[in-house]
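The values are calculated or read from the model by the stated rules, or taken from the named source; none is laboratory data. If you're wondering where the values come from, they're calculated on a predicted model, not measured in any experiment. Note that each Cβ is placed from the backbone with ideal geometry, even for glycine, and that neighbours are counted across all protein chains shown. These accessible areas exclude ligands, DNA and RNA; they are computed on the full protein's heavy atoms, side chains included. Shrake-Rupley method; radii C 1.70, N 1.55, O 1.52, S 1.80 Å.
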Amino acid sequence: MHLQDRCILLTGATGGIGRAAALQLAARGARLWLSGRREEELLALAAQIRREGGRAEVLAADLTAPGAARDLVARLRGFEVRLDMVINCAGAMHFGYFESTPPEAIEQLWRTNVLAPMQLVQAALPMLRQGGGLVVNVGSIFGSIAFPCFATYSSTKFALRGFSEALRRELSGSGVEVLYFAPRYTRTALNSGAVSDMASALAMNQDEPEAVGSALVEAIERNRKERYLGWPEKLFVRINAWFPRLVDAALRKQGQQMRPYALRQLP
Ligand SMILES: NC(=O)c1ccc[n+]([C@@H]2O[C@H](COP(=O)([O-])OP(=O)(O)OC[C@H]3O[C@@H](n4cnc5c(N)ncnc54)[C@H](OP(=O)(O)O)[C@@H]3O)[C@@H](O)[C@H]2O)c1
């Protein structure tokens, strides 16, 4: 899909990956509606995009609030434009042993990472159908390889991947396409504190948000259905699908290395 003059609703625009994607989409001529909870950050990003010759509007929202997704789409309708694309990039993460994960954190992650994208797509589909639209769901490598100490986060990204696959099949022939985009570890605020210390100590592969934003834009332009970032991560995704017991063994060792960092998360 070419991006010139495409109207795009982007959630998570205040985040590391969302912001990088916004700047690159705008530079290619797309018209953006930027969403996130922090309105001042959104306004600053929209101002930067306009200074650089792009087009961007701000639609702040807490997507976990009841009716937020429907309300967001209703506000977008007020602009009387054709909606070409929804990019579900907003996300939340929790690191630590599942046993000690607060129930509120489980609920918040499921609301942010699964329910909000599903509700947003449902509300936006009538608009997307008008012009052969695209749904982009930002998942994770953890949505294909479930990691110890990331049980809640992994489970939400598995759900998002399943939703993306079912929706792609359901919408086949309708003109609306679905892209599932799965980054690996990226240097953003999502991974602060114990997680970023652990990633450095375990020498995990790390991407910069700008590189992930570029890969997202490229996946859209190339009409990809799925895109997994990183080598050897994409190989492990296949191995995990075919030989999960092999991956159990590899992750048992990594789980032990993660232990000191997970213990730091205990209340
Ligand atoms: N960083 C990684 O290592 C990594 C790896 C794989 C996949 N991902 C996925 O990539 C996406 C972007 O992550 P990131 O690394 O850019 O994270 P980030 O920098 O922490 O940004 C998260 C974004 O989500 C928004 N958000 C969170 N809760 C929200 C809520 N209740 N309502 C509305 N917006 C909300 C935040 O906006 P406000 O704070 O303004 O509300 C922010 O824009 C996420 O889906 C994440 O799971 C990240």
Restricting attention to the stretch 37-52, report how many residues are open to solvent by less than 10 Å² (accessible area, probe 1.4 Å) and either in contact (Cβ under 8 Å) with a residue 40 or more places away in the chain or within 12 Å of the ligand (Cβ to nearest atom) (or both).
2
In this structure, does residue 173 turn out to be open to solvent by less than 30 Å² (accessible area, probe 1.4 Å), modelled with pLDDT of 95 or more and either part of a helix (DSSP H, G or I) or at positive phi (or both)?
no
Can you name the number of the only condition in (1) open to solvent by 30 Å² or more (accessible area, probe 1.4 Å); (2) within 12 Å of the ligand (Cβ to nearest atom); (3) hydroxyl-bearing (Ser, Thr, Tyr); (4) free of Cβ contacts under 8 Å to residues at least 24 places away in the same chain that residue 228 fails?
(4)
Would you please list the contacts, defined by Cβ atoms under 6 Å and residues six or more apart or on different chains, that run from a residue in the stretch 146-171 that is free of Cβ contacts under 8 Å to residues at least 40 places away in the same chain and under 25 Å from residue 243 (Cβ atoms) to a residue that is open to solvent by less than 10 Å² (accessible area, probe 1.4 Å) and in a loop (DSSP other than H, G, I, E, B)?
161/139
Against the condition within 25 Å of residue 178 (Cα to Cα), surrounded by fewer than 16 Cβ atoms within 10 Å (Cβ to Cβ), free of Cβ contacts under 8 Å to residues at least 12 places away in the same chain and away from the ligand (no atom under 11 Å from the Cβ), how does residue 126 come out, does it pass?
yes
Test each condition in (1) away from the ligand (no atom under 15 Å from the Cβ); (2) aliphatic (A, V, I, L, M); (3) closer than 18 Å to residue 11 by Cα for residue 167 and report the one that comes out false.
(3)
